[in-house]
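Just below is one structure, and these are the notes that go with it.
The values are calculated or read from the model by the stated rules, or taken from the named source; none is laboratory data. Computed from a prediction, not measured in an experiment: that's the story for all the values here. As a convention, Cβ positions derive from the backbone with ideal geometry for all residues, glycine included, and neighbour counts pool all protein chains shown.
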Amino acid sequence: MNKTIQWIAYKTIVSKEVNRFMRIWRQTLLPPVITQSLYFVIFGGFIGSQVRQINGVPYMAFIVPGLIMMAVINGAFANVSSSFYSTKFQRNIEEILVAPVHEAVMMAGYVTGGILRGFLTGALVFLVSLVFVRPAIHDIVAIILFSFLTALVFSIAGLLNGLWAESFDDVSTFQTFILVPLTYLGGVFYPIDSLPPIWKTISMLNPIVYMVDGFRHGFVSGGQPIWIGASILIVLSAVLSGIAYTLLRKGKGIRS
Amino acid sequence: MRAIDVQQLQKTYASGTVALKGVTVSVEQGDFFGLLGANGAGKTTLIGILSGLVTPTSGTGKIFGFDIDTQRDDAKQQIGIVPQEFNFSIFEKVWDILMAQAGYYGISAKDAAPHAEVVLNKLGLWEKRNQPSRALSGGMKRRLMIARALVHQPKLLILDEPTAGVDVELRYGMWEYLTELNKNGTTILMTTHYLEEVERLCRNLAIIKNGEIVKTGSVSSLLQGMDVRTYVLTVDSTANVATVKGFEFGAMEPASVEVTLRKEQSLGELFDALKIAHVQIFDIRPQENRLERLFLDTIRA
């Protein structure tokens, strides 16, 4: 494997992905900003004013990290799943398949594109949140680490979705029936500790809980030790990477 | 040096369809090679295996000595592929499509730009470089596919029905360009349904039928090996034609007649016999493309 060739190929895929989501920013960047702004206004403003403080901070300050994570999750996942499936559907994935691009490089390129979109949408939502609340930075390492791990996990998940999908319906089915419920049950709007024990135990199986909790730790002290969440997300991303790489090597959905 | 060396390639799809049943074929470096076959004969599967889009069930393949399985990257580096169907992003600009393709082959945009400019100019697309590909006409899209396949300067160009749906003028233009490429050293493997194209461009060919190579050799030797050929003659009158012995005459009209010559019979002998019978010939043309006859005879056998 020639490293220079693979490096240029990687940069090409990343550049193409970034150009794609920047070209269609009205579909990729604007909607999460509008949606999360509505959450800030409705949940944080109207309803939040009726809610007592949580973990020692106002309700608005409590939900901001979770809403940023929601944007990161959806941005990273949607970018890779829709982009990868579209290239399959239009068959321009063949441009990469006929070239000497290693599967790991192909995977890294798409996943990097997803991470960058996740970061960008998260940053935009963070900027919008400043209109409503001035969050204090408690642990910058946790903010960077959990943004990255969350975007990484969901970019790889998006790639798996794109690989498995055989229609645009399949792409949206995963988002609607799995991603959205997991996100809403991931502790964005409420502290997991406030749940009855049985629901708390079930919630701990949801990886989004660790993402939101770890990221929130960056703004609000408390929650679980971040090394637990980080370890779980590192293992999860390694497992998902292994599956995605194996499927790419086998040509699942992309080679006959 | 063989540009393509394929041994006993077999492909059975997951659906159970057997597309290739042990194909063995080779293409020498510098050749212009035609791969003929009816729809579903296995042409595209064979090309797919060579280009890495299809995984063979068994058999081996080499591109300029590089094994397509164990030396996959080196093998791919040698090939430029022009697939049958448009498969570029319709949202991207012509120039961006070429630069991305160069990038996948490890060539930076800076290094790829001079050659891309030459290719786009040659193919009449330079003025369209900043247009999205969806804005191009059908013929331009076809040429864009060729330009994209050439951007990394491959030694082997594989074209799967490159002139399908292309108007006559453009087809002639493509023929000239492909001939020039071949003269400059690029080995070309082409599938097409236009047999005149093969007769005009290719030096060697193979005919594939139901996943097997049933005939291969040089175009000239295969045509010479044909048992019969049929001509249509335009004559002053066909009244005396029936008196000419030793030739097989077919459909006859007042001023034209079909005649079939056996392998050992020459046109000179026919002309002499008609002259003796006082039949004056004004025109002569093959009743059908000879390669078409060869192709039909082969796939119907």
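Can you find a residue that is at pLDDT 90 or above, within 14 Å of chain A (Cβ to nearest Cβ) and either buried (at least 24 other Cβ atoms within 10 Å of the Cβ) or at negative phi (or both) anywhere in region B:20-35? There is at least one residue in region B:20-35 that is at pLDDT 90 or above, within 14 Å of chain A (Cβ to nearest Cβ) and either buried (at least 24 other Cβ atoms within 10 Å of the Cβ) or at negative phi (or both). Filter region B:56-68 down to the residues that are free of Cβ contacts under 8 Å to residues at least 40 places away in the same chain and within 13 Å of chain A (Cβ to nearest Cβ) and list them by number. The answer is B:Phe66, B:Ile68. Considering region B:155-169 alone, what residues qualify as being part of a helix (DSSP H, G or I) and of a type in the set (Asp, Glu)? Passing the criteria: only B:Glu169.
Please work out which residue is farthest from B:Gln224 (Cα to Cα), limiting yourself to region B:243-268 and to residues that are free of Cβ contacts under 8 Å to residues at least 12 places away in the same chain and not hydrophobic (A, V, I, L, M, F, W, C). Can you show your working first?
Of region B:243-268, the ones free of Cβ contacts under 8 Å to residues at least 12 places away in the same chain are B:249, B:251, B:264, B:266, B:268.
Pick out the ones that are also not hydrophobic (A, V, I, L, M, F, W, C) and you get B:264, B:266, B:268.
Details: B:Glu264: 11, B:Ser266: 12, B:Gly268: 17 Å.
Going through the qualifying residues, I end up with B:Gly268.
Apart from one condition, B:Tyr172 fits all of (1) outside any strand (DSSP E or B); (2) away from chain A (no Cβ under 14 Å); (3) in contact with a helix residue (DSSP H, G or I) (Cβ under 9 Å, 6 or more places away or on another chain); the exception is (3).
Residues checked against (1) outside any loop (DSSP other than H, G, I, E, B); (2) under 28 Å from A:Asn161 (Cα atoms); (3) of a type outside the set (Gly, Ala, Ser):
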position	(1), (2), (3)
A:Ser49	yes, no, no
A:Arg52	no, no, yes
A:Phe62	yes, no, yes
A:Gly66	yes, yes, no
A:Gly75	yes, yes, no
A:Ser81	yes, yes, no
A:Ser86	yes, yes, no
A:Asn92	no, yes, yes
A:Pro100	no, yes, yes
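Being among the basic types (Lys, Arg) and out of contact with any Leu (no Cβ under 6 Å at 6 or more places or on another chain) is the filter here, so list the residues in region B:34-77 that pass it. Give the derivation first.
Step one: filter region B:34-77 for residues among the basic types (Lys, Arg), giving B:43, B:62, B:72, B:76.
Hits for region B:34-77 are B:Lys62, B:Arg72, B:Lys76.
Pull up region A:191-250, narrow it to residues that are among the β-branched types (Val, Ile, Thr) and in contact with a helix residue (DSSP H, G or I) (Cβ under 6 Å, 6 or more places away or on another chain), then point me to the one that is surrounded by the most Cβ atoms within 10 Å (Cβ to Cβ). Of everything passing the filter in region A:191-250, A:Val212 is surrounded by the most Cβ atoms within 10 Å (Cβ to Cβ). Could you please give the count of residues in region B:242-288 that are out of contact with any Phe, Trp or Tyr (no Cβ under 9 Å at 6 or more places or on another chain), closer than 18 Å to B:Val232 by Cβ, assigned to a loop (DSSP other than H, G, I, E, B) and at pLDDT below 80? So the count comes out to 1. Contact annotation: residue pairs with Cβ atoms under 6 Å, 6 or more positions apart or on different chains, pairing a residue in region B:82-95 that is in the same structural domain as B:Ile146 (by TED's automatic domain parsing) with a partner that is surrounded by fewer than 16 Cβ atoms within 10 Å (Cβ to Cβ) and charged (D, E, K, R), are B:Ile90/B:Arg134. Here the condition is being within 30 Å of B:Asp69 (Cα to Cα) and outside any helix (DSSP H, G or I); of A:Ser256, A:Ser241, A:Ser221, it holds for A:Ser256 alone.
Suppose we keep only residues that are more than 8 Å from chain A (Cβ to nearest Cβ) and either aromatic (Phe, Trp, Tyr) or outside any helix (DSSP H, G or I) (or both) within region B:93-112. Which one would you say is surrounded by the most Cβ atoms within 10 Å (Cβ to Cβ)? It comes out as B:Trp95. In region B:197-220, the residue that is nearest to B:Thr24 (Cα to Cα) out of those that are among the polar types (S, T, N, Q) and assigned to a strand (DSSP E or B) is B:Thr216.
This table checks each residue for (1) crowded, with 23+ Cβ neighbours inside 10 Å; (2) touching a residue at least 40 places away in the same chain (Cβ under 8 Å); (3) more than 14 Å from chain B (Cβ to nearest Cβ).
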position	(1), (2), (3)
A:Arg23	no, no, no
A:Gln27	no, no, no
A:Gln53	no, no, yes
A:Val64	yes, yes, yes
A:Leu67	yes, yes, yes
A:Gln90	no, no, no
A:Gly113	yes, yes, no
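Does B:Leu223 meet the test of being in contact (Cβ under 8 Å) with a residue 12 or more places away in the chain, buried (at least 17 other Cβ atoms within 10 Å of the Cβ), within 38 Å of the chain's Cα centre (by Cα) and not in a loop (DSSP other than H, G, I, E, B)? The answer is no for B:Leu223.
In region B:36-55, what residues are among the small types (Gly, Ala, Ser) and either more than 10 Å from chain A (Cβ to nearest Cβ) or surrounded by fewer than 18 Cβ atoms within 10 Å (Cβ to Cβ) (or both)? Reasoning before the result, please.
Of region B:36-55, the ones among the small types (Gly, Ala, Ser) are B:37-38, B:40-42, B:48, B:51-52.
Within region B:36-55, B:Gly37, B:Ala38, B:Gly40, B:Ala41, B:Gly42 meet the criteria.
Identify, from the list A:Ala136, A:Ala142, A:Ala151, A:Ala123, the residue that is of a type in the set (Gly, Ala, Ser), on the phi < 0 side of the Ramachandran plot and part of a loop (DSSP other than H, G, I, E, B).
Details: A:Ala142 fails: part of a loop (DSSP other than H, G, I, E, B); A:Ala151 fails: part of a loop (DSSP other than H, G, I, E, B); A:Ala123 fails: part of a loop (DSSP other than H, G, I, E, B).
The conditions single out A:Ala136.
Going by the conditions given, is B:Lys76 away from chain A (no Cβ under 14 Å), farther than 18 Å from B:Lys215 by Cα and among the charged types (D, E, K, R)? No, not satisfied.
Taken over region B:124-146, the criterion of being touching a Lys or Arg at 6+ places or on another chain (Cβ under 8 Å) and either closer than 18 Å to B:Ser51 by Cβ or outside any helix (DSSP H, G or I) (or both) is satisfied by B:Gly124, B:Leu125, B:Arg129, B:Asn130, B:Gln131, B:Pro132, B:Leu136. Just one of the listed residues (A:Ile8, A:Ile13) is β-branched (Val, Ile, Thr), touching a residue at least 12 places away in the same chain (Cβ under 8 Å) and closer than 30 Å to B:Ala109 by Cβ, namely A:Ile13. Against the criterion of being within 12 Å of chain B (Cβ to nearest Cβ), polar (S, T, N, Q) and in contact with a helix residue (DSSP H, G or I) (Cβ under 7 Å, 6 or more places away or on another chain), A:Gln6 qualifies. The numbered conditions (1) surrounded by fewer than 23 Cβ atoms within 10 Å (Cβ to Cβ); (2) not in a helix (DSSP H, G or I) are all true for A:Gly45 except (2).
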